[in-house]
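Heads up: the structure comes next, in structure tokens.
The values are calculated or read from the model by the stated rules, or taken from the named source; none is laboratory data. Just so you know, these numbers come straight off a predicted model, no measurement behind them. Ideal geometry is used to build each Cβ from the backbone, glycine not excepted, and the neighbour counts take in all protein chains shown.
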């Protein structure tokens with residue numbers, strides 16, 4: 001069979017299982033006695049092992065097999081969870097993730113797993129010395145020494161079990177003990193068999209079924225059950241049967257009986273017989289037992305292509321609207337209005353398809369924070385809120401690195417050491433909150449810590465020392481403006497350089513990346529109580545609402561998200577302050593930017609001199625600025641197009657759009673005027 005067709009599904013599902021294992025391991029560290037968590041990890045590892053073996057990735061399968069053995073000992077209380085064991089399992093997960101990434105890049109997924117496998121073997125059998133090797137067969141014997149198999153199966157049944165395990169099924173030995181005073185044991189046994197068949201498929205029983213029917217057994221019997229249910233579900237359902245005294249469910253480590261093995265000439269070989277009839281039965285019964293989500297995986301490139309085609313449709317819609325206005329044809333107007341309504345609904349649908357929860361980015365941070373806290377010898381709790389908040393996938397792809405910088409900065413600079421926290425009367429465990437929420441057409445992401453806050457005087461001292469601001473300027477800065485100085489290039493308040501932070505890189509990169517996404521980052525901080533880094537991002541970068549304005553003969557688009565309001569003033573209301581054109585608006589002095597000067601727009605002979613100026617008031621944070629334009633055309637939905645590789649780093653221009661009349665309008669990035 002050619003498994004290449006299933007490679008993409010294998011990679012996606014493997015990533016999901018690796019993420020699930022990482023999440024549950026963090027939960028297990030918090031609740032080491034919770035067996036249910038170990039069972040969840042075991043199931044993910046078991047499925048991952050089966051998929052890897054089926055796809056032929058032997059190194060990945062062998063590593064997950066050894067990890068599964070350790071997890072099996074943990075869930076059966078044969079091992080006690082320690083920090084050392086957790087570290088080894090985390091190393092396993094890191095290596096598994098590396099191998100899956102290699103497979104995704106077209107590699108064979110091969111890695112040297114001998115070192116980590118030896119650590120796993122030592123956990124299972126502490127008597128193994130670091131230099132001692134243990135074969136897979138002897139390892140299995142050591143792990144299963146305490147487990148006795150009371151059910152013999154033939155080669156065909158073993159093949160059936162192995163095939164089912166590849167598809168994520170579990171195989172359990174279910175031992176049922178009846179009450180000693182039970183009068184009709186055969187009837188109770190029949191009821192147990194009936195309940196078990198509702199849970200899955202019975203492979204074999206001990207004693208055999210005919211002896212149980214004739215009551216030729218004591219008070220207990222064992223069945224070998226193939227099922228997708230977990231042990232808890234099985235115990236619950238069978239215990240509900242009256243006169244059932246005890247139900248013991250154990251993972252089966254089955255192998256063929258000695259007679260069968262001798263007959264076939266081997267104990268380990270598995271025949272290639274495909275039990276088609278039974279597997280088909282499992283497939284047909286599966287959907288009845290488990291609700292399946294009606295969803296399909298769609299390639300990201302197809303979604304991008306769909307978005308590009310729809311963008312062209314938006315441009316043509318604008319053109320049709322203009323033609324309909326000029327023609328004054330009733331039927332054409334009605335058709336265009338109907339098309340506008342439909343395309344608006346379609347736009348909402350396409351944008352929703354591209355929206356993905358920020359959980360995809362947030363998921364990797366708990367593990368990162370755990371490792372970093374251990375390295376810094378700090379006790380930290382990461383609280384994630386609003387992980388279901390959705391963002392356009394183009395924004396999701398870019399936001400991960402800035403958040404990594406902010407979290408590392410919060411851990412290293414923000415949170416005090418355990419000794420400092422205790423001395424200042426704080427809990428020894430610091431808290432970092434990673435929160436996302438919607439507000440209007442924006443998504444806000446906050447990184448909050450309860451550390452020592454930002455030292456205003458220290459920031460100003462460093463800023464003056466590095467020439468970022470002068471002493472005179474420093475005396476006039478507000479707290480917000482001082483905090484914003486830490487985003488300056490090469491700025492750092494760290495007393496010593498470390499691998500985590502303090503090299504003068506990071507926060508300036510964060511600011512640049514956020515602003516390139518059309519976003520904004522601000523800081524609030526209270527000395528002794530902590531800091532809040534707040535990121536504001538647009539919901540989508542593809543289609544934006546904008547105000548179209550005229551400057552001479554050129555048309556520009558200003559995003560609605562940046563506009564406060566639009567007003568008009570007379571030319572004689574403009575004053576000059578320290579060489580900057582300003583005007584007074586509602587008690588506030590607002591600086592002016594003349595777009596015709598900034599973009600060097602040539603004056604037109606047909607331009608009429610007017611005593612009135614149109615001012616578009618834009619903001620960034622709590623700062624306001626006025627853009628001087630010749631006229632305001634009106635609001636319009638525009639498609640943001642890149643200017644391409646030849647037109648990069650153009651001041652205050654984020655892209656372009658094509659208007660309904662075929663004219664190209666540049667889209668203004670108002671954030672750059674505030675620099």
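Every listed requirement among (1) within 21 Å of residue 367 (Cβ to Cβ); (2) surrounded by 16 or more Cβ atoms within 10 Å (Cβ to Cβ); (3) within 26 Å of the chain's Cα centre (by Cα) is met by residue 101 save one, (2). Residues considered: 523, 500, 514, 535. Of these, the only one that is in contact with a helix residue (DSSP H, G or I) (Cβ under 8 Å, 6 or more places away or on another chain) and either on the phi > 0 side of the Ramachandran plot or at pLDDT below 80 (or both) is 500. Within the stretch 573-602, the set of residues being free of Cβ contacts under 8 Å to residues at least 24 places away in the same chain and not in a strand (DSSP E or B) comprises 573, 578, 579, 586, 587, 597, 600.
For the stretch 283-294, state whether one or more residues are touching a helix residue (DSSP H, G or I) at 6+ places or on another chain (Cβ under 9 Å) and either under 30 Å from residue 226 (Cβ atoms) or modelled with pLDDT under 80 (or both). Yes, the stretch 283-294 has at least one match. Residues that are in contact with a helix residue (DSSP H, G or I) (Cβ under 7 Å, 6 or more places away or on another chain) and either under 30 Å from residue 418 (Cα atoms) or modelled with pLDDT under 85 (or both) within the stretch 453-469 comprise 454, 456, 459, 460, 463, 468, 469, listed in sequence order. Among the numbered conditions (1) out of contact with any strand residue (DSSP E or B) (no Cβ under 8 Å at 6 or more places or on another chain); (2) touching a residue at least 24 places away in the same chain (Cβ under 8 Å), the only one that residue 72 does not meet is (1). Set side by side, the residues 36, 45, 30 differ, and just one is outside the structural domain of residue 162 (by TED's automatic domain parsing) and modelled with pLDDT under 85, which is 30.
Entry remark, the stretch 336-373: residues being in contact with a strand residue (DSSP E or B) (Cβ under 8 Å, 6 or more places away or on another chain) and part of a loop (DSSP other than H, G, I, E, B) number 1 in total.
Out of all the residues in the stretch 658-675, which are modelled with pLDDT of 85 or more and closer than 21 Å to residue 324 by Cβ? Hit for the stretch 658-675 is 665, nothing else.
Check residue 633 against each of (1) crowded, with 19+ Cβ neighbours inside 10 Å; (2) closer than 30 Å to residue 350 by Cα and name the one condition it does not meet. That leaves (1) as the condition not met.
Between 595, 643, 617, 627, the distinction of being in the same structural domain as residue 669 (by TED's automatic domain parsing), over 26 Å from residue 564 (Cα atoms), at pLDDT 75 or above and under 45 Å from the mean Cα position of the chain (by Cα) belongs to 643 only.
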